[in-house]
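All of the numbers you see were taken from the coordinates with simple rules; none came from a lab. None of the values given here were measured: they were computed from a predicted structure. Cβ coordinates were reconstructed from backbone atoms using ideal geometry, including for glycine residues, and neighbour counts include every protein chain displayed.
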Amino acid sequence: FVMSSGTGGTISGVGRYLKSRSPFVRVVLVDPPGSALYSKVKYGVAYASEQSERALKRHRYDTLAEGIGLDRVTANFAMGCDTCAIDDAIQISDQEAVDMAHWLLREEGIFVGSSSAMNVAGAVRVASSMPPDSRTVTVICDGGQRHVSRFWNKKFITEWGCSWPVSGGNRRLPDCIESIVS
């Protein structure tokens, strides 16, 4: 089971339930840039370099993803860590999320928001490293309609420093898919 975390309730609760049903289940956190949750899962310490005193900005971390990734550990997320419901963590860049969202719309007709794009990119990356006949599951938790002013806004994306995926023959593949097909 692969997904991002806001308050941690879904990943912790689903993780606990799935692990109660099978000891072979792995739960992987997908975390955006600047969030401290990745380090909490990987190293037991909630820290991100973007939070260092000199780098501290008005918004505690810089990512396009809204509603996921925190600079603190909530009670829900702590429960997931304390009960070993979350096994591992990976980081997905804003560019990977943008590329995945455009790929999902173009290839599957699914108009997702930033959290869902992160989740799917993370699930593809995890699935590519799993043994044959494994199953990888994620949650498409937000639609793109609430993200048109930022995540689906070309001007905002390019000003943020990301590349806008082009139409036509020179389409970008998300890195997690590119690594599988190349």
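Convex hull volume of the C-alpha atoms in the chain, normalised per residue: 131 Å³. Taking one quarter of the surface of the convex hull spanned by the alpha-carbon atoms of region 1-49 gives a direction-averaged projected area of 3.5 nm². You can think of it this way: the chain between Leu105 and Trp160 has 17.7 nm of extra reach, that is 0.36 nm per residue less the Cα-Cα gap. Our helix-only sum for the chain, with -39,500 (n - 2.57) per DSSP H run of n ≥ 4 divided by its residues, gives a mean residue ellipticity at 222 nm of -10500 deg cm²/dmol. Each label point was placed 7 Å from the Cα along the Cα-to-Cβ direction; for Gln145 and Ser20 their separation is 3.5 nm. Here Lys42 is the anchor, and the aspartates and glutamates within straight C-alpha reach of less than 20 Å, apart from those fewer than 8 places off in the same chain, are Asp31, Glu50, Asp71, Asp82, Asp87, Asp88. May I ask for the Kirkwood hydrodynamic radius of region 88-162, worked out over all distinct Cα pairs and given in angstroms to one decimal? Kirkwood hydrodynamic radius for region 88-162: 12.9 Å. Taking a span of 15 Å or more along the helix axis (Cα atoms) and a mean Kyte-Doolittle hydropathy of at least -1.0 as the rule, the DSSP H helices of the chain that qualify are 9-21, 114-128.
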